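Below: one structure, written as structure tokens.
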Amino acid sequence: MRICIYGAGAIGGYLGAMFAEAGHKVSLVARGEHLKALRANGLTLEIGDRTLKSRPAASADPAELGAQDYVFVSVKAPALPSVVTSIGPLLGPDTVVVTALNGVPWWFFQGFGGEHDGRRLSSVDPDGLLTRSLEPRRIVGCVVHAGCSVPAPGIIRHASGDLFVIGDPAGGATPRCQVLQQIIVGAGLRCDISPRIQQAVWMKLLGNASMGPLSVLTGGTLAGMARDPGTRKVSADMIVEAIAVGRHFGLDPGMTVEERIELGARLGEFKTSMLQDFEKGRPMELDTFLAAIIEMARLAGVATPTIDAVQALALHKARQAGLYPPL
């Protein structure tokens, strides 16, 4: 299969390396020093006691890579507008776009059903660019349960987890999801098909939306924040509020608040992706993590005082660091 990874960072690089090891024709869209290293030395994945090396094609320009069978979009939310305006050359008539993203994606309510079917969240897609630019028929959602980092340009380090949950936004175990599952499993990864991918997105978001911003505010690791009584209480309060929002939309947390916190804590002394972004001076996914929940809360008539407060503090810190547009 021809598989392009648009955004060959921690998770994208992990996927690209595993697909290349499985024999697929992999290409990568990357930029900066990471791209230079990929072109000079190839892609290196450190996983357990193994080091996998491959030399996929790498470019900052999708037009150099051509049409693909699958495009995995694995970028941070602030980069999505530039992705959807440049992804065209990668798309053939039947190309599937797999969005391996954190937070609430722009397609969340496409195929959702009920009164909110097709709703666009202004916090996620303020001008409708994302919705207009990619046909819903192409999209397969993907929720990533893996921890990786980029210790140096061109090098990906796997820390834990190898589960990818995929699903059609309209629901059901569609044939294209079944084929994609076979490809992912064939690359040595685990893959489940969710009958309702929005549910899987929401379950992961409950942890990300609390621990991500709190890690930026405290500098703490997942295990460290879970051990600290005060930080754990704030995280729990945020999850309780988000669960109340989700119930309005028919979204189930899938586990108790304490179980959700412990799920993250089991990753150990691991920095959240949001904290990694902050420390590297990159824009953070505050809109798709917290602003989206707040917008949904207003639609549901649910109060979210703790989420509102953490959002305000995280935005202030991001603005101070020049990582979020000024007021």
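Every read-out reported here was derived from the displayed coordinates using simple, explicitly stated rules and does not represent laboratory data. Because the structure is predicted, anything quoted here is derived from the model rather than measured. Don't worry about glycine lacking a Cβ; one is built from the backbone with ideal geometry, like all the others, and counts go over all protein chains shown.
Can you give the Rg and Dmax of segment 2-195 based on its C-alpha atoms, in angstrom?
My reading of the Cα-based Rg and Dmax gives 16.0, 52 Å.
From the C-alpha coordinates alone, can you work out the Kirkwood hydrodynamic radius of segment 162-264, in Å?
15.0
Do me a favour and compute the ellipsoid semi-axes for segment 199-320 from its Cα gyration tensor, root of five times each eigenvalue, largest one first, whole Å.
Values for segment 199-320, descending: 21, 17, 12 Å.
How high is the relative contact order of segment 52-92, given as a whole-number percent (alpha carbon pairs under 8 Å, six or more residues apart)?
55
Enumerate lysine pairs in the chain that are 8 or more residues apart or on different chains, then count those whose Cα atoms are under 29 Å apart.
Qualifying lysine pairs in the chain: 25.
What is the gain in length, in nm to one decimal, between Ser122 and Asn41 on full extension, counting 0.36 nm per residue of separation less the C-alpha to C-alpha distance?
So the extension gain works out to 25.0 nm.
Can you sort Ser27, Ser149 from fewest to most other Cβ atoms within 10 Å of each residue's own Cβ?
Exposure proxy ranking, most exposed first: Ser149, Ser27.
Assuming R0 = 30 Å, can you tell me the calculated FRET efficiency for the pair Leu299 and Val179, based on Cβ-Cβ distance, to the nearest 0.05?
So the FRET efficiency works out to roughly 0.25.
For Ile261, Ile307, what's the fewest-to-most ordering of other Cβ within 10 Å of each Cβ?
Final ranking by Cβ density, sparse to dense: Ile261, Ile307.
What translational diffusion coefficient, in µm²/s and rounded to a whole number, does the Stokes-Einstein relation yield for the chain at 10 °C and a viscosity of 1.306 mPa s, taking the hydrodynamic radius as the Kirkwood radius over Cα pairs?
Estimated via Stokes-Einstein, D reaches 80 µm²/s.
Run the paramagnetic zone check for Ala152: 7 angstrom along Cα to Cβ, then residues of segment 254-297 with backbone nitrogen under 14 Å.
none
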